[in-house]
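To start, the structure itself, in structure tokens.
Derivation of every value follows stated rules applied to the coordinates shown; laboratory data play no part. The structure displayed is predicted, hence computed values, not measured ones. Backbone-built Cβ (ideal geometry, glycine too); neighbour counts: all protein chains shown.
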Amino acid sequence: MTFNSETSTVPTITLNDGNSIPALGFGVFQVPDEDTYDAVTHALKAGYRSIDTAKVYDNEAGVGRAIADSGIPRHELFVTTKLWNDDQGYESTVNALDASLVRLGLDYVDLYLIHWPVAKKGLFVDTFKAFQQLKKDGKTRSIGVSNFTQAHLEQLIEGTGEVPAVNQVELHPGLSQSDLRAFHTGQGIATEAWAPLGQGASLGNEIIGDIAKTHGKTPAQVVIRWHLQIGNVVIPKSVTPERIVSNFDVFDFELTPEQINAIGGLDDSDIAGRIGGDPDTFG
Ligand code: NDP
């Protein structure tokens, strides 16, 4: 297998700890471990250098094998994994990252995220204190959270004295999260969009379809471009080789400010709404 190992052309976003994250990465939620090797291999061949997995996806091993066989130098890759809810708490967090690293076959990840706040357990502050130590120990380069609301973030910052580098949240044209994004910007937190395509639901929208036609692009490419132009880190998932390639082919066109506003305005449309769990109650 040969890979083009020249440095990827994807733009990066500088995190509040000085590290950089590729603005476009590849997600592997709901991909069985046995299919993950092929999907990640296709993605790396297409040029993606950032992979987003999680303990609970049960496919860290497939991600790790694809990375190892790619021959791409480790420093050119950006690997994210997430701490599952059952592992919250100081000691269990330390053990959980060690176990993820073994499955991934890596010495460190680039970004470790608390997957959900599970505020009723009251453990996310202690969990993030363990993250701070894991960063000092070199087991993760950056630390962040996922599915945190503004209130959760304020509690975390107050309790740990540290602003997380990233908050990965559900964000797509039907849920554009403008208030939370503005809060992130004020705090220096990078916004990472999960379900960036609305798990496919955004793609049949007429307004997005019309914009796609004007650019000679697909609806998915337009939605990914929208994320990039509003400053999100975006991690579309696909197991379909042609889609993996086309979702990456988004650097040769630009949406107009009017088109960006039209897509952001779909919060009130037929595709509006949350797909995943409610951050206040999930877990
Ligand atoms: P996405 O919004 O990325 O949508 C994925 C779906 O869209 C799949 O069904 C895929 O089909 C389809 N699709 C992809 N590209 C195209 C295309 N070009 N044309 C038509 N359909 C397309 O949803 P995800 O939920 O997977 O979110 C992305 C990533 O975010 C996840 O993989 C995961 O890494 C992360 N995530 C994080 C969560 C969290 O709690 N932190 C929760 C959920 C996701 P197919 O694969 O068949 O091609």
In nm, to one decimal, how far is the modelled label at residue 90 from the one at residue 14, with both set 7 Å along Cα→Cβ?
3.5
Would you mind computing, in nm to one decimal, how far apart the modelled labels at residue 45 and residue 272 are, each placed 7 Å from Cα along Cα→Cβ?
4.3
Given unit charges at Cβ for Lys, Arg (+) and Asp, Glu (-), the dipole magnitude of the stretch 1-150 about its Cα centre in debye, nearest 20, is 440
Just grab the label-to-label distance for residue 154 and residue 99, each label 7 Å out from Cα along the Cβ direction, in nm (one decimal).
3.5
Length-normalised contact order of the chain in % [C-alpha pairs under 8 Å, at least 6 apart]:
19
Taking the chain as a Gaussian network, Cα atoms linked when under 10 Å apart, which of 209, 186, 198 shows the biggest mean-square fluctuation?
186
Helix-only [θ]222 nm of the chain, DSSP H runs n ≥ 4, -39500 (n - 2.57) each, per residue, nearest 500
-11500 deg cm²/dmol
For residue 182 and residue 34, what does the FRET efficiency come to when R0 = 41 Å and r is the distance between their Cβ atoms, rounded to the nearest 0.05?
0.50
Its Cα gyration tensor gives the chain an equivalent ellipsoid whose semi-axes in whole Å, largest first, are 28, 24, 16
Once the piece of chain linking residue 76 and residue 281 is laid out straight, how much longer is it, given 0.36 nm per residue of separation minus the C-alpha distance between them?
70.1 nm
How long is the stretch 40-102 along each principal axis, judged by its Cα atoms, biggest number first, in Å?
38, 20, 15
Those GluC sites (Glu not before Pro) from the stretch 235-264 that are DSSP loop and have at most 16 other Cβ neighbours within 10 Å turn out to be 254
Could you work out the relative contact order of the stretch 137-283? I mean the mean sequence separation of Cα pairs under 8 Å and 6+ apart, divided by the number of residues, in percent.
25
Short version: ³J(HN,Hα) in whole Hz for each residue of the stretch 149-166, in order, from phi by Karplus 6.51 cos²θ - 1.76 cosθ + 1.60 (θ = phi - 60°), x for Gly and Pro, what are they?
7, 4, 5, 4, 5, 4, 5, 5, 5, 4, x, 10, x, 10, 8, x, 6, 9
